[in-house]
Amino acid sequence: MTSNFVMADEAMTLAQPEEDLLEVAVHEHTRLLYRIAYSVLRNATEAEDTVQEVFLRALRHGKKLAEVDDRKAWLARIAWRVAVMHRKHGAKGASRGEEASDGEALHSREPGAELALLDKERGEFLERLIGTLPDRLRDPLVLSALEELSPREIGSMLGISDAAVRSRAFRARQILRERMVGRMGVGR
């Protein structure tokens, strides 16, 4: 009985117009696509534009969307490529205006504000260290550690094997650890 239900559900999904499939994909994957784009671009506006571009591309290839087995990985791969393309064509990090407003929000006399500012500084330091990694090491690290994608999904996005994803993420972590020890004396 369960297999009949699954087959009926798949048949209904295939019978849906492409727009319905795209609407479902938008609801299910927008946050992931935004996080992927933001991890590459470090700019909220450009990340939002990238997500819109991903869904426009998916809409243009609506019939292909119905044939894709793993829509999450397919859309994530498109988001990654679009974001990298934007980065190569002059996309810079987060705008200075956004950073200033974040810092202003943290200036408070409450004890928690000092800790929040310290956490923010640590995060920025780590982001700068990650930014110094070569793309071939940084990309698998960001996608696995921050975006929580599987090695298979990352390998599919980057066009490398699962083993290469794991190896590159491991090497990136080693380099980060060495640099943190060198700069801050952390982890000795």
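The values are calculated or read from the model by the stated rules, or taken from the named source; none is laboratory data. Quick caveat: nothing in here was measured; it's all calculated off a predicted structure. Quick reminder, even Gly has a Cβ in these numbers, built from the backbone with ideal geometry, and neighbours come from all protein chains shown.
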Worksheet item: Hey, among the residues in segment 27-53 that are among the acidic types (Asp, Glu) and in contact (Cβ under 8 Å) with a residue 40 or more places away in the chain, which one's farthest from residue 130 (Cα to Cα)?
Response: 28
Practice prompt. Would you be able to say whether some residue in segment 54-64 is modelled with pLDDT of 70 or more, outside the structural domain of residue 158 (by TED's automatic domain parsing) and closer than 25 Å to residue 130 by Cα?
Written response: no
Worksheet item: Given the conditions (1) exposed (fewer than 11 other Cβ atoms within 10 Å of the Cβ); (2) modelled with pLDDT of 90 or more, and given that residue 134 satisfies all but one, which numbered condition is not satisfied?
Response: (1)
Discussion item. Name the single residue that is nearest to residue 127 (Cα to Cα) among those in segment 36-52 being surrounded by fewer than 20 Cβ atoms within 10 Å (Cβ to Cβ) and of a type outside the set (S, T, N, Q).
Written reply: 42
Item to complete: Output the residue which, of all residues in segment 25-35 that are over 12 Å from the mean Cα position of the chain (by Cα) and surrounded by fewer than 17 Cβ atoms within 10 Å (Cβ to Cβ), is farthest from residue 74 (Cα to Cα).
Response: 27
